[in-house]
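The values are calculated or read from the model by the stated rules, or taken from the named source; none is laboratory data. A quick note: this is a predicted structure, and the numbers were derived from the prediction, not measured. Cβ: placed from backbone, ideal geometry, glycine included. Neighbour counts: every protein chain shown.
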Amino acid sequence: MPRKIISMNLSDEDWKKKLTKEQYRILRQKGTEMPFTGKLLHNDKSGNYTCAACGAVVFTSDTKFDSGTGWPSFNDPANTEAVKLVEDISLGMQRVEVMCANCGGHLGHVFNDAPDQPTGMRFCINSAALDFKPKN
């Protein structure tokens with residue numbers, strides 16, 4: 001049974017109760033997990049990757065690849081409406097932030113440096129921002 005997508009009218013305190021400290025730091029405060037530490041980095045099972053905050057499907061196993069960067073990488077989101085891309089000029093860099101389109105949670109960043117992938121894109125996503133739902 002798919003995870004029910006929750007209401008996005010949560011207060012900051014509600015998010016703190018719902019998420020682990022690490023998930024809250026990443027999803028709500030735009031943090032990043034240490035490279036090569038994420039629980040989903042080497043996951044090679046078939047299924048869907050959902051936003052850990054709201055349950056929306058944001059990526060699928062069909063687009064996951066090993067970029068060697070230390071974070072789960074995908075060459076495309078689950079669909080065109082799954083994620084929102086926003087310019088990010090924090091930390092003195094110009095990047096594109098990847099957010100869950102449903103709840104606004106920070107998932108990671110996208111780069112156009114994957115020439116061996118069909119889209120040329122590398123969606124570099126924090127494991128803590130994701131849950132994995134295997135195909136039945």
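For LYS16, the test of being touching a helix residue (DSSP H, G or I) at 6+ places or on another chain (Cβ under 8 Å) and modelled with pLDDT under 95 is passed. For segment 21-59, the candidate set comprises residues that are among the small types (Gly, Ala, Ser) and assigned to a loop (DSSP other than H, G, I, E, B); within that set, the residue that is farthest from LEU107 (Cα to Cα) is SER46.
Within segment 114-131, one or more residues are within 28 Å of SER11 (Cβ to Cβ) and β-branched (Val, Ile, Thr). Of the residues making up segment 74-81, none is among the small types (Gly, Ala, Ser) and closer than 14 Å to ASN126 by Cβ. Could you please let me know if SER90 is over 15 Å from LEU27 (Cα atoms), surrounded by 15 or more Cβ atoms within 10 Å (Cβ to Cβ) and small (Gly, Ala, Ser)? Spelling it out, it is not the case that SER90 is over 15 Å from LEU27 (Cα atoms), surrounded by 15 or more Cβ atoms within 10 Å (Cβ to Cβ) and small (Gly, Ala, Ser).
Find the residue count for segment 69-87, including only residues that are assigned to a strand (DSSP E or B) and surrounded by fewer than 12 Cβ atoms within 10 Å (Cβ to Cβ).
1
Starting from residues that are buried (at least 19 other Cβ atoms within 10 Å of the Cβ) and of a type outside the set (A, V, I, L, M), keep the ones in segment 116-130 and report whichever is farthest from the chain's Cα centre (by Cα).
Among residues in segment 116-130 that are buried (at least 19 other Cβ atoms within 10 Å of the Cβ) and of a type outside the set (A, V, I, L, M), the one farthest from the chain's Cα centre (by Cα) is ARG122.
Whether any residue in segment 59-68 is aromatic (Phe, Trp, Tyr), surrounded by 18 or more Cβ atoms within 10 Å (Cβ to Cβ), closer than 12 Å to ALA129 by Cα and touching a strand residue (DSSP E or B) at 6+ places or on another chain (Cβ under 7 Å) is what I want to check. Yes; the residues of segment 59-68 include at least one that is aromatic (Phe, Trp, Tyr), surrounded by 18 or more Cβ atoms within 10 Å (Cβ to Cβ), closer than 12 Å to ALA129 by Cα and touching a strand residue (DSSP E or B) at 6+ places or on another chain (Cβ under 7 Å). Counting the residues of segment 93-106 that are over 12 Å from ALA56 (Cα atoms), of a type in the set (A, V, I, L, M) and surrounded by 14 or more Cβ atoms within 10 Å (Cβ to Cβ) gives 2. Evaluate segment 39-47: report whether one residue or more is more than 24 Å from ASN9 (Cβ to Cβ), in contact with a Leu (Cβ under 7 Å, 6 or more places away or on another chain) and surrounded by 15 or more Cβ atoms within 10 Å (Cβ to Cβ). Yes: segment 39-47 contains one or more residues that are more than 24 Å from ASN9 (Cβ to Cβ), in contact with a Leu (Cβ under 7 Å, 6 or more places away or on another chain) and surrounded by 15 or more Cβ atoms within 10 Å (Cβ to Cβ).
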